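Structure first, commentary second.
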There are 2 protein chains.
Amino acid sequence: MSENAVGWRRSLLQETRCQNCSLSSLCLPLALELEDMSQFDAIIRRRSPLKRGAVLFRQDDTFTSVYAVRSGSLKQVTTEGSGDDQLTNFYLPSELIGLDGIDGQTYPGSVIALETTTVCEIPFDRLDSLSEDLPELRTQLFRSMSKEMRDDRRMMRLLSRKTADQRLATFLAGLSDRFRRRGYSPYSFRLSMSRADIGNYLGLAVETVSRILSRFQQQALVSVSGREVHILDLETLLEVAEQESCR
Amino acid sequence: MSENAVGWRRSLLQETRCQNCSLSSLCLPLALELEDMSQFDAIIRRRSPLKRGAVLFRQDDTFTSVYAVRSGSLKQVTTEGSGDDQLTNFYLPSELIGLDGIDGQTYPGSVIALETTTVCEIPFDRLDSLSEDLPELRTQLFRSMSKEMRDDRRMMRLLSRKTADQRLATFLAGLSDRFRRRGYSPYSFRLSMSRADIGNYLGLAVETVSRILSRFQQQALVSVSGREVHILDLETLLEVAEQESCR
DNA sequence: AGAAATTACTGACTCAGGTCAAGACACTTT
DNA sequence: AAAGTGTCTTGACCTGAGTCAGTAATTTCT
């Protein structure tokens, strides 16, 4: 405990401010001047890291805060009726969690860490009132929500019109792009989620995910070993993802 | 032209203000005091009615305004690649259109009237700056967006987990509920959209929509004649909509 | 290190819902 | 009233992906 606690305390002091955060150009305060950013920074609560499987908040918990991912990744899971879970989102660094909880005062799904993960907690009432004084912050908040709606629409199209092949190609290409934007290799990354998670998210059976990943590998589009992914032919992958409902 | 124009001019004067609007308890300004509401009212532009099939705005048009439906109904259609449309939403009175255009500066889909329809145009830059002075308005705006995200998640669950029967039952029950909230009969209404629209929205072939509506009728859950719908057994319909993935 | 428990892969079989085709119905328009 | 056009319904057939079952490979625990 002692060693870790010290390490954590130190990193808290070192890079715990938005001003020093490597994600500041992607995250909520991206449009703020330095002095505004320190106002924003003041309302943020850093949280100690979550371990794999740890719950950030549970479905139906009272909504209080939104969270920005600092490192690691998480999934959102909504349980309706009994037993039948739906994985509605994966969150990567700089992305905002919990915006769908504003209406209704409770979170509509549980959010769970997929690996060791750190997040910044942003109490929503403080964020709301700060957005009164900082138009750029308000704009960015509107944009984040708007973007999420747009992404949701894309997901609906995927779920209602795309074949299993197209879904997986879209998923892999999408991850690749998200890694690229965050400065990681778009061609080589590790999946933090299980096949079951991917299947649940894409509306496919686990077996289908496995089968298609194997076929993509045969076709030399990707090379997969467990959760390690190498994208070999992004070009073709994107073609598969968007190809005409070719008959 | 003259008679209609006069009629329209008159109704403009009569009930063209939020203060008199029967939807004010459901619409964006729902939380505002009377004097705040008149501030809000001042930024709104009434539009002359759209006829069936008329386009409110087109995909990729520059984003300028959001719209509140005053009467009638509309659909949002997104075209990706070539030809392959996806119907992503139906809008009923009091609902807000265009919030997904804030990010990216263009509308992500075309919005088309399904019948004679009137909308209130709300220029977004004015709405944004007004939300600085009226916290209740800002809150309501956040809520509307949050609610839409929540609805989107529900739609994803529908598209990825529900059977065709469950989808149609959910759709009918949902419409019924939306009519009820707006003060119309939840048991008897007219569909403003075609079977093709319904199919597209629910991720089903037109034929499937037809077949299942027929079966629902046989099972005495509903009685359908063309676009006229009577819900005979809402209880069971809701059961079908949410039943366990019963094996 | 070895046992236990997840997690991932592959094959064989099934079925919900898509596709194709044809006819019925409901509207305008002349 | 006939003709034309789009929307809706019904039937026959087919296929993509789900289910079930068994095995292999990881990861976790002791």
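Values quoted throughout were computed directly from the atomic coordinates according to the rules given, and no laboratory measurement underlies them. Please read all numbers here as calculations on a predicted model, not as lab measurements. Ideal geometry is used to build each Cβ from the backbone, glycine not excepted, and the neighbour counts take in all protein chains shown.
Computed quantities for the displayed model
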{"item": "Average other protein chain Cβ within 10 Å of Cβ, residues B:196-209", "result": "1"}
{"item": "Top of B:115, B:207, B:148 by mean-square fluctuation, Gaussian network on chain B, Cα under 10 Å", "result": "B:207"}
{"item": "Using a Förster distance of 41 Å, the FRET efficiency for residue B:31-residue B:219 (Cβ separation, nearest 0.05)", "result": "0.45"}
{"item": "Under 27 Å from residue A:162, Cα to Cα: lysines that are on another chain or at least 8 residues apart", "result": "A:75, A:147, B:75, B:147, B:162"}
{"item": "Gain in span if fully extended, residue A:126 to residue A:38, counting 0.36 nm per residue against the direct Cα distance", "result": "30.3 nm"}
{"item": "Residue of A:108, A:93, A:123 that the Gaussian network model of chain A assigns the largest fluctuation, springs spanning Cα pairs under 10 Å", "result": "A:123"}
{"item": "Which of A:34, B:65, A:168, positive extreme of dipole for the protein assembly as shown (C-beta unit charges)", "result": "A:168"}
{"item": "Packing rank of B:130-136, A:94-100, where each peptide gets the mean count of other beta carbons within 10 Å, highest leading", "result": "A:94-100, B:130-136"}
{"item": "Separation in nanometres of the label points that stand 7 Å from Cα toward Cβ, at residue B:79 and residue A:51", "result": "5.4"}
{"item": "Dipole of segment B:95-154, positive direction: furthest Cα of B:116, B:130, B:145, with charges on the beta-carbon", "result": "B:145"}
{"item": "Within chain A, helix-based [θ] at 222 nm, where runs of 4 or more DSSP H residues each add -39,500 (n - 2.57), nearest 500", "result": "-14000 deg cm²/dmol"}
{"item": "Only Lys, Arg (+1) and Asp, Glu (-1) charged, at Cβ; chain A dipole about Cα centre in debye", "result": "740"}
{"item": "Shielding of A:112-120 by partner chains, average beta-carbon count, 10 Å", "result": "0"}
{"item": "Normalised contact order of chain B, rounded percent, pairs of Cα under 8 Å and 6 or more residues apart", "result": "18"}
{"item": "Cβ-Cβ FRET estimate between residue B:196 and residue A:211, R0 fixed at 45 Å, reported to 0.05", "result": "0.85"}
{"item": "Per-copy distances of the residue A:85 label point, shortest first, in nm (7 angstrom along Cα→Cβ)", "result": "3.8"}
{"item": "Pairwise label distance in nanometres, residue B:236 with residue B:105, each label 7 Å out on the Cα-Cβ vector", "result": "5.6"}
{"item": "Position residue A:51, label points 7 Å along Cα→Cβ, spacing to each other copy in nm (shortest first, one decimal)", "result": "6.8"}
{"item": "Segment residue A:58-residue A:71, length gained on full extension (0.36 nm per residue, minus Cα span)", "result": "2.7 nm"}
